[in-house]
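The values are calculated or read from the model by the stated rules, or taken from the named source; none is laboratory data. Please read these numbers as outputs of a predicted model, since none were measured by experiment. SASA here: full protein model, heavy atoms, side chains in, ligands and nucleic acids out. Shrake-Rupley method; radii C 1.70, N 1.55, O 1.52, S 1.80 Å.
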Amino acid sequence: MVQVGIIMGSQSDLPIMKDAAEILEELGVEVEVTVVSAHRTPERMYDYAKSAKDRGIKVIIAGAGGAAHLPGMVASLTPLPVIGVPVKSSNSIDGWDSILSILQMPGGIPVATVALNGAKNAGILAASMIGSFDETVGNNVANYKEDLKTKVISSAENIESKGYKNV
Ligand code: RP5
């Protein structure tokens, strides 16, 4: 059953947003991926946000660039947690426009905002949310973090044993 909805303002966001889908699938979470534009398809955005919970979605990840209203508008329409991914798009000045549009939400309508182009972290965060009530996914997230630790320790040992100039 699909548990995470990944939406983006344009197909041009997909090269960034696919990272969320890939890590979620790796962590054992089924996703759906589509384009929903706040500005170009506002009715579609409304229908998506309003129907997501009843369709069994638990978390929505929304990515957009420039004047990035999609995550905040979706959050205003659903009780589900919404994770926002600021995308450095072709119409973005330098990424800050998207970051601030998604981050600076008014009181009462939070969007959990990740770093610029941080779709992978959005996926991990969504999996952590699912993992708080789904033991299998929770264990997958714990194992993923344990793997990260092992990799860092092994790189530290590699540098220490060879000397930093020989790595
Ligand atoms: C935003 O405008 C989209 O999320 C995308 O990041 C950006 C540019 O869209 P395109 O002109 O490439 O379709 O709404």
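Per residue, the chain reaches -15500 deg cm²/dmol at 222 nm when only DSSP H runs of four or more residues are counted, each adding -39500 (n - 2.57). Using a probe radius of 1.4 angstrom, the carbon and sulfur fraction of the accessible surface of segment 19-167 is 54%. Near the amide H of G63, within less than 5 Å, lie the amide hydrogens of I7, M8, G9, V85, all on another chain or at least 5 residues away, with H placed in the peptide plane.
Along segment 114-128 the Karplus relation, 6.51 cos²θ - 1.76 cosθ + 1.60 evaluated at θ = phi - 60°, assigns HN-Hα couplings of 9, 5, 3, 6, x, 5, 5, 5, 4, x, 5, 5, 4, 5, 4 Hz to successive residues, with x for each Gly and Pro. Between G123, G56, G72, the Gaussian network model of the chain with springs among Cα atoms under 10 angstrom shows the greatest mean-square fluctuation at G56. Here the mean projected area of the convex hull built on the C-alpha positions of the chain is 11.4 nm². Remark: the chain carries 54 Å² of accessible area per residue (probe radius 1.4 Å; ligands, DNA and RNA excluded).
Taken along its three principal axes, the alpha carbon spread of segment 86-144 comes to 41, 28, 11 Å, from the longest extent down to the shortest. Checked against a 25 Å cut-off, the cross-linked pairs K88/K120; K58/K120; K18/K88; K58/K145; K120/K165; K145/K165 give Cα-Cα distances beyond that limit for K120/K165; K145/K165.
Rounded to the nearest Hz, the phi-derived 3J(HN,Hα) couplings of segment 65-72 under the Karplus curve 6.51 cos²θ - 1.76 cosθ + 1.60 (θ = phi - 60°) are x, x, 6, 8, 8, 4, x, x, where x marks glycine and proline. Here the Karplus relation 6.51 cos²θ - 1.76 cosθ + 1.60, evaluated at θ = phi - 60°, turns the backbone of segment 6-11 into coupling constants of 10, 10, 8, x, 7, 4 Hz, with x for every Gly and Pro. In this structure the amide hydrogen of K88, modeled in the peptide plane, comes within under 5 Å of the amide hydrogens of N117, none closer than 5 places in sequence on its chain.
Divided by 2.2 N^0.38 Å, where N counts the residues, the Cα radius of gyration of segment 6-91 comes to 1.00.
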